[in-house]
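Data first, discussion second: the structure below is written as structure tokens.
The values are calculated or read from the model by the stated rules, or taken from the named source; none is laboratory data. Keep in mind it's a predicted model, so treat the numbers as computed, not measured. Heads up, the Cβs are rebuilt from the backbone with ideal geometry, glycines too, and the neighbour counts pull from every protein chain shown.
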Amino acid sequence: MKVFDRQGAKVRLDDISAEPPKGMTREKAEARFATLGQELFDLQDAMFGAKVNSVMVVLQGRDSAGKDGAIKHVVGCLNPRGVIVTSFGVPTPEEREHDFLWRVHRHAPRLGEFSIFNRSHYEDVLVVRVHDLAPKAVWKERYGHIRDFEELLAEHGTIILKYFLHITKKEQEERLLEREESPETAWKLNPTDWKERDHWDEYTQAYEDAISKTAAKHAPWTVVPANAKWYRNLVIAESIVEALRKRRKDWESTLEKMGREGREELAAYRAQAAAAKGAKRKGK
């Protein structure tokens, strides 16, 4: 795992392992994940009540990198009451009639809520770049627009966490072949996934540039070793918990204040009701 939180940092994906670190086993990871799951639920509950922050989780990765799996397991730890999952595919005709960020900004989280993005605004500096869907002069400017967009959200209380699910080319091939054999994943079969492998190096460069040009303290990128699905889930869960844990005291302080104010309002209401009831009795 490697975190990038500074714009301009050098990013070389080939130098980052896609495997779990030595000594980490599936048993250890799943035990740790179970513990984190409960803490994540509690943190979400505090954030939902305080309503001073929100969370936007961006999941990016090559085909079969595990975005759906990460959502299934990590989001499964959350209360669905405050979670919205949005998948961004090929833009619709309506979306193409607006600026590239329009369709994304509509799904930004409200205070107290989680927004999980399966792909995101980054497609417009990835797919668009690799397949020349827009002139270079256009997509190059989008890095700046993305930085400004994420800074705006952060200024309004959104905790932005961005993850690149890092798998090897060999692992991707194995997963794509597994899809063909499994009835449960056959619906995901798409010849385009195989065609995109021809652009592996171009996508590598595009991801490296996107991470480098948009990493920031308020919107960090985490490159997640994702060859092992169980380790991928642990890394994402730990990262989210760590980011939320820093704010827990503030949320609890807000909740305490809200509770105190609520009790005072309730006491005032009851006193007013009792006085009105007493006056009514005297009037009789």
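A few comments on the model shown:
- Selected residue [at pLDDT 95 or above, more than 18 Å from residue 214 (Cβ to Cβ) and loosely packed, with under 13 Cβ neighbours inside 10 Å] from 27, 19: 27
- For residue 148, the conditions (1) of a type outside the set (Gly, Ala, Ser); (2) touching a residue at least 40 places away in the same chain (Cβ under 8 Å); (3) part of a helix (DSSP H, G or I) are fulfilled apart from (2).
- Among the criteria (1) surrounded by 12 or more Cβ atoms within 10 Å (Cβ to Cβ); (2) under 20 Å from residue 168 (Cβ atoms); (3) modelled with pLDDT of 95 or more, the one residue 33 does not fulfil is (2).
- For residue 132, the conditions (1) assigned to a helix (DSSP H, G or I); (2) farther than 19 Å from residue 220 by Cα; (3) not basic (Lys, Arg) are fulfilled apart from (1).
- Taken together, 87, 120 contain a single residue that is buried (at least 19 other Cβ atoms within 10 Å of the Cβ) and among the polar types (S, T, N, Q), which is 120.
Residue by residue, here is whether (1) out of contact with any Lys or Arg (no Cβ under 7 Å at 6 or more places or on another chain); (2) within 19 Å of residue 240 (Cα to Cα); (3) free of Cβ contacts under 8 Å to residues at least 40 places away in the same chain holds:
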| site | (1), (2), (3) |
| --- | --- |
| 6 | yes, yes, no |
| 17 | yes, no, no |
| 23 | yes, no, yes |
| 35 | yes, yes, yes |
| 40 | yes, yes, no |
| 44 | yes, yes, no |
| 56 | yes, yes, no |
| 59 | no, yes, no |
| 62 | yes, no, no |
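- Enumeration of residues in the range 149-169 that are under 18 Å from the mean Cα position of the chain (by Cα) and surrounded by fewer than 18 Cβ atoms within 10 Å (Cβ to Cβ): 151, 152, 154, 155, 156, 157
- Residues that are closer than 25 Å to residue 225 by Cα number at least 3 in the following helices (runs of 4 or more DSSP H) confined to the range 1-108: 26-50, 67-74.
- Here residue 195 meets each of (1) touching a residue at least 24 places away in the same chain (Cβ under 8 Å); (2) assigned to a helix (DSSP H, G or I); (3) not hydrophobic (A, V, I, L, M, F, W, C) with one exception, condition (1).
- Residues that are among the hydrophobic types (A, V, I, L, M, F, W, C) and touching a residue at least 24 places away in the same chain (Cβ under 8 Å) within the range 246-284 comprise 251, 255, 258, listed in sequence order.
- Qualifying residue in the range 236-245 (condition: outside any helix (DSSP H, G or I), out of contact with any His (no Cβ under 8 Å at 6 or more places or on another chain), without any contact (Cβ under 8 Å) to a residue 24 or more places away in the chain and not aliphatic (A, V, I, L, M)): no
- Of residues in the range 123-148 being crowded, with 16+ Cβ neighbours inside 10 Å and of a type in the set (Asp, Glu), the one farthest from residue 67 (Cα to Cα): 124
- Per-region count, the range 52-82, residues touching a Ser or Thr at 6+ places or on another chain (Cβ under 8 Å) and farther than 21 Å from residue 166 by Cα: 4
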